[in-house]
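One structure is given below, encoded as structure tokens.
The values are calculated or read from the model by the stated rules, or taken from the named source; none is laboratory data. Everything quoted here is computed from the prediction, not taken from an experiment. Methodologically, a virtual Cβ is constructed for each residue, glycine included, from the backbone with ideal geometry; neighbour enumeration extends over all protein chains shown. With ligands, DNA and RNA removed, areas are computed over all heavy atoms of the protein, side chains included. Shrake-Rupley method; radii C 1.70, N 1.55, O 1.52, S 1.80 Å.
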Amino acid sequence: MADSVNGSNGGEPSPDDRINAVKDAALAALAVADSADALQEWRNQYIGRSGEVTLLLRSVGSLPAEQRAGFGQAANRLKNELEGSFDTRQAEVTAASGPAGAIDVSLPGRKPSGGRLHPITQTVREITAAFGAMGFQTVEGPEVELDRYNFNAMNIPDDHPARDMFDTFWLDRVDEEGARSILLRTHTSPMQARVMEAQDPPIRVVVPGRCYRYEATDASHEWHFNQVEVMAVDEGITFADLKGTLFEFARRVFGPERKVRFRCDFFPFVEPGVDMAVDCFNCEGDPACRICRGSRWLEILGAGMVHPDVLRRAGYDPERYSGFAAGMGVERVAMLKHGIDDIRHFYANDMRFLSQF
Ligand code: PHE
């Protein structure tokens, strides 16, 4: 048909025949190209810089003038068509062979990445387990607390200067007298009073929980953190019980070689009050130790004998019962254990940090 339109010139194939011949050969070869190498070869042979279609285009000048435009357009159409066919075929070949070009059946299976506990949760569990082994029961209490438990029951009256120690998040609620009365607890100590109100001695409890303080954040302060409160109340509890229990806790959590150091400290709800340090588990007094900075001692908690007024307020007779209490910062314990230098890492949710634990 094409011959009759364009006129045959004897033995020479017509321009349309030349184009169709290249097209048929190219499509047939493309259909069997089944690898990246074969595709590349095909590309060179047909649509590359010295490929057959390019040669067709270059031959336009040698045609009779009246055929040039039609032939040039047809050759260009063929080039576009073959480029499209090439892309399609390349996508098929890639999909069939997989992204790496081959399937390695000996590759081990992919391990699903399992979840794990946050390092602070792990530390809370370690601490409560250490006390649990000594007969302490774990209980929890409210994070939104009454002023009365957070401060008053803890021997911190409204006008007591010790309230300055706790910069408080108050809730927008006032009592009948117009005073703010609900807050985010600033420590877990209010649970001392709640536990004593709810049960009779003997008491041995640990209370893990979140606490909040309205203060600027830096490498060692967060506005939100976790504490574990410890309390034992019974007849005849003495300071020796406090020391023995906390010593054993330090050995269990920081290692069997630990020594402990007690120094006087003040908290309104204990008398006498102390803070406790354990000797550094990381160094031999090396001034470059990143955990104790050469001081050899790590302060980890506040403690003391439960103040007689706190016992009395909870309805216990301080002549008959005595007790000890302690409170520690969980983040601090975790930082010391793992040599972490910034508390903010715990709450930045960076998997590069979290997946180390
Ligand atoms: N509640 C105190 C604090 O937050 C710690 C503490 C608890 C001290 C129990 C003594 C006894 O700093």
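Assorted remarks:
- Some residue of the stretch 207-217 being in contact (Cβ under 8 Å) with a residue 60 or more places away in the chain, of a type in the set (Phe, Trp, Tyr) and in contact with a Leu (Cβ under 6 Å, 6 or more places away or on another chain): yes
- Single unsatisfied condition, residue 352 versus (1) touching a residue at least 24 places away in the same chain (Cβ under 8 Å); (2) more than 14 Å from the ligand (Cβ to nearest atom): (1)
- Residue list for the stretch 212-247, filter: of a type in the set (D, E, K, R) and either touching a strand residue (DSSP E or B) at 6+ places or on another chain (Cβ under 6 Å) or open to solvent by 50 Å² or more (accessible area, probe 1.4 Å) (or both): 215, 218, 229, 235, 241, 243
- Odd one out for residue 278, checked against (1) part of a strand (DSSP E or B); (2) within 15 Å of the ligand (Cβ to nearest atom); (3) within 21 Å of residue 208 (Cα to Cα): (2)
- Residue list for the stretch 297-316, filter: of a type in the set (D, E, K, R) and either within 16 Å of the ligand (Cβ to nearest atom) or buried (at least 18 other Cβ atoms within 10 Å of the Cβ) (or both): 299, 309, 313
- The residue of the stretch 1-53 that is least open to solvent (accessible area, probe 1.4 Å), among those that are at pLDDT below 90 and polar (S, T, N, Q), is 14.
- Positions within the stretch 337-357 being of a type in the set (Asp, Glu) and part of a helix (DSSP H, G or I), in sequence order: none
- Among the numbered conditions (1) away from the ligand (no atom under 16 Å from the Cβ); (2) of a type in the set (Gly, Ala, Ser); (3) at pLDDT 95 or above, the only one that residue 326 does not meet is (1).
- Residue check for residue 142: without any contact (Cβ under 8 Å) to a residue 40 or more places away in the chain and either more than 35 Å from the chain's Cα centre (by Cα) or open to solvent by 20 Å² or more (accessible area, probe 1.4 Å) (or both): no
- Considering (1) open to solvent by less than 80 Å² (accessible area, probe 1.4 Å); (2) more than 25 Å from residue 164 (Cα to Cα); (3) assigned to a loop (DSSP other than H, G, I, E, B), the lone condition that residue 261 does not fulfil carries the number (3).
- Residue 163 touching a residue at least 60 places away in the same chain (Cβ under 8 Å), within 16 Å of the ligand (Cβ to nearest atom) and open to solvent by 30 Å² or more (accessible area, probe 1.4 Å): no
- Selected residue (only one of 132, 209 is open to solvent by less than 20 Å² (accessible area, probe 1.4 Å) and small (Gly, Ala, Ser)): 209
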